[in-house]
Amino acid sequence: MLMLGHAHYLALNLPWWLQEPGWWHELARAVRVFIFQHQTGGLFVVILLEEIGVPLPAPGDVAITYGGYLTTTGAIPYPLAYVAVVSGAVIGATINTTISRRYGRPFIQRFGRYIGVNEDKLQWAEQAFKRWGPWAIIVGRHIPGMRIVLSALSGILNVPYRVFIPCVLVSATIWAAIFLELGRLLGPRARGLFLIFPAHLIPWLLLGLGLLLVGYLGYEHGFKPKAWRHPVEDPH
């Protein structure tokens, strides 16, 4: 609890250029209010949208934790909160992998070179899936930032639904239990997670990635310092 308090203090006392923009804070608050007002349905929708790949100002982990706190107030019955998280995760991940199954590989073939993804890397990922089997999905989904990526990869690599859906179900049941219990443990402090999550860094991260992309494209298309360019050989 003390660590959460320190994190909240640091989030409020960051340099101005790292502080959360007001509009982003309002979006994060809107997610919390949406869950509070719509209770089980709100929790389901937030998890569903995140699993599909819709960018949200607060991660699903925070939403579930807040839902766990709401189960202690009677706003959401615990069994319904659990079902909302698991069903939202399974349905959202299935939609994600279905879209990726249809459009993922054409997208990679056309734009993959700009984001560092090519057929060789897809083949490497496919070998990893074959090597680890269902564990690649069950365990991999618990790695921060990998849930949506794994759903998309599963679609691109045509992982059968009979394998993908049970793996997501098993992983989601563990995920839901962990963060619902965390919310019950934190109590009202769970609301503070919407403020201390470093969502304010996302615009800066996107800007940095954009600059790196521009630099990479410039490098690949010949805008290199003269010292880096290969000298033109004398034909004589």
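With every protein chain left in place, what is the accessible area per residue of the stretch 30-156 in square angstrom, probe 1.4 Å?
Value for the stretch 30-156: 50 Å² per residue.
Using a 7 Å offset from the Cα along the Cα-to-Cβ direction at both residue 99 and residue 130, what is the distance between the two label points in nm, to one decimal?
Each label point is offset 7 Å from its Cα along the Cβ direction, giving 2.9 nm.
Which three semi-axes in whole Å describe the equivalent ellipsoid of the stretch 119-191, each the square root of 5 times a Cα gyration tensor eigenvalue, listed largest first?
29, 13, 9
Over the stretch 58-192, with every protein chain in place, what whole percent of the accessible area is carbon and sulfur at 1.4 Å, could you tell me?
67
From largest accessible area down, sort 124, 132, 175; use a 1.4 Å probe on the protein chains.
Result of the area sort, largest leading: 124, 132, 175.
To the nearest 0.05, how large is the calculated FRET efficiency for residue 161 and residue 29 if R₀ is 45 Å and r is the Cβ-Cβ distance?
0.75
The values are calculated or read from the model by the stated rules, or taken from the named source; none is laboratory data. What you see is a predicted model; the values in this text were computed from it and never measured. Glycine gets a Cβ as well: all are built from the backbone with ideal geometry, and neighbour counts include every protein chain shown. Only protein heavy atoms, including side chains, enter the accessible area calculation; ligands, DNA and RNA are left aside. Shrake-Rupley method; radii C 1.70, N 1.55, O 1.52, S 1.80 Å.
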